[in-house]
Structures are given as structure tokens and as C-alpha cells.
Amino acid sequence: MSDQQPDQVQPMPTAQQVHLLLVDDHPLVRDGLRARLETIANIHVAGEAGNAEEALAIAANTKINLVLMDINLGTGNGISLTARFKAEYPDIAVIMLSMHEKTEYVNQSIQAGARAYVLKDAPAVEIIEAIDTVIAGGTYFSSGLKKQGDSTESSQTLTLREQSILKCIATGKSNKHIARELGLSVRTVETHRLNIKRKLNIEGQADLIRYALNNVVM
């Protein structure tokens with residue numbers, strides 16, 4: 001008889017539990033999202049809100065680690081609310097779910113602290129992929145946005161060196177300190193900064209620092 005043992009079936013890793021807050025001013029949209037998302041074993045819809053006040057109140061009193069946020073909230077907007085979440089609840093990640101495809105909305109959402117941007121007319125599987133990616137510490141952008149060749153595609157194609165420099169920027173280091181830490185010339189660091197801003201469609205240094213602070217996982 002052969003001594004070979006049958007292949008052992010390895011258990012699947014347990015997905016991280018998602019405690020989700022839905023923020024959209026249309027109850028029917030929230031109902032549809034809840035019905036779809038609650039079919040996923042590791043997703044628990046912990047609350048729903050139609051405006052900023054409701055959303056912040058729920059976050060203050062409910063265990064939440066992810067927000068699915070619409071931009072248009074009737075009395076206010078999701079971009080401003082995302083910035084408030086980033087400031088008041090930095091451990092809660094935000095995914096923007098919007099009908100707007102314009103680059104300006106995407107960039108404003110990213111700068112406010114959103115970790116993903118998904119179009120409302122995208123397949124439901126994209127929302128699930130975005131949730132999984134963000135909970136794992138990454139960023140996600142709807143495939144419809146990537147096809148437009150805007151800054152969201154470029155933001156995911158930073159080189160390893162550019163990612164290292166972006167992390168240094170997030171910690172407040174100057175070009176001189178970055179050059180010393182990474183063994184580069186100051187001129188090379190300046191060139192990398194310009195390339196990063198070009199890829200992210202960012203103009204000013206303040207916006208670059210804000211982006212780094214909001215998006216770099218330390």
C-alpha cells in the first residue's frame with residue numbers, strides 16, 4: 001500500500017467582520033443595499049442614516065468600522081461628512097458610493113478621507129470587492145472610473161519608491177530628510193514628488209500632504 005496520505009482540506013480563513021453604516025438620503029436605495037449586503041456572511045448592517053446628523057449619532061453609539069456613503073444627502077453632502085468622520089472617527093473607513101463620475105468628485109472624496117469610490121451603477125460585486133479591499137487596508141476604485149484614465153487609476157500605480165516617499169511625506173519629513181533616509185539625492189526626491197502629484201492629479205504641496213495623511217497606511 002502507498003504511504004501517501006490524502007490531501008488535507010485546509011480551512012478557509014475567516015473574513016473580518018464588517019459593521020456597516022449605510023448613509024443615503026433615499027430609503028429605497030438603503031433598503032436595496034441592505035438586502036444585498038446582508039446576504040454576505042461577514043457583513044452586518046449596523047445602521048442606516050439619511051443625513052449627517054443621523055450618521056454621526058449612530059457612529060457615536062454603535063459599533064461601526066465602515067461607512068458606505070452617498071455624496072448627495074439633501075441637507076449636506078457626503079464629502080464634508082467623510083471629512084468629519086476622518087477627524088472624529090479615524091478608525092472608521094469610508095467608501096463613497098456615488099452616481100458622479102467626474103474626477104473632481106473622486107479627488108475631493110479621496111482628499112476628505114474616503115478609501116474607495118464606487119459608482120452606483122456598478123455591478124453589486126464591485127461593492128463587495130470594495131468592502132473586502134478597504135477592510136483589508138487597501139483602496140478601491142470602480143472599474144468605470146479606471147476606464148476614463150483619471151487620477152484614480154494612477155493613484156494605484158505608484159512605484160514602490162514613490163509609495164515609500166509618500167509614506168515619508170505623511171510623517172512630515174522634508175525632502176532633505178527623505179533623501180537621507182532613503183539614500184537618494186534631494187533632486188531625485190523632488191522629481192519623485194512631482195511624479196506622485198502628476199499621477200494623483202494633485203497640484204499643491206498642501207494637497208499632497210493632506211492626501212498622504214488621509215491615505216497612507218502607516
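The values are calculated or read from the model by the stated rules, or taken from the named source; none is laboratory data. What you are looking at is a predicted structure, and each value in this text was computed from that prediction instead of being measured. Cβ atoms come from the backbone with ideal geometry, glycine included; neighbour counts cover every protein chain shown.
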Exercise for the section: Name the one entry in Ile127, Ile92 that is buried (at least 19 other Cβ atoms within 10 Å of the Cβ) and either assigned by TED's automatic domain parsing to the domain that holds Ile202 or in contact (Cβ under 8 Å) with a residue 24 or more places away in the chain (or both). Expected result: Ile127
Practice task
Assess whether Ile110 counts as being surrounded by 17 or more Cβ atoms within 10 Å (Cβ to Cβ) and under 13 Å from the mean Cα position of the chain (by Cα).
Solution key: yes
Completion exercise
Picking from Ile79, Ile58, the residue that is assigned by TED's automatic domain parsing to the domain that holds Glu129 and buried (at least 19 other Cβ atoms within 10 Å of the Cβ) would be Ile79
Fill in the blank from the handout: Within region 187-214, the residues that are in a helix (DSSP H, G or I), among the hydrophobic types (A, V, I, L, M, F, W, C) and surrounded by 14 or more Cβ atoms within 10 Å (Cβ to Cβ) are Val189, Ile196, Leu200, Leu208, Ile209, Ala212, Leu213
Fill in the blank from the handout: Just one listed residue, out of Val67, Val118, is modelled with pLDDT of 90 or more, part of a strand (DSSP E or B) and touching an Asp or Glu at 6+ places or on another chain (Cβ under 6 Å), and it is Val118
Exercise for the section: Go through the residues of region 140-162 one by one and say whether even a single one is at pLDDT 85 or above and in a helix (DSSP H, G or I). Expected result: yes
Fill in the blank from the handout: Only one of (1) at pLDDT 90 or above; (2) touching a helix residue (DSSP H, G or I) at 6+ places or on another chain (Cβ under 8 Å) does not apply to Arg34, and that is (2)
Exercise for the section: For Val67, state whether it is closer than 19 Å to Leu33 by Cβ and among the β-branched types (Val, Ile, Thr). Expected result: yes
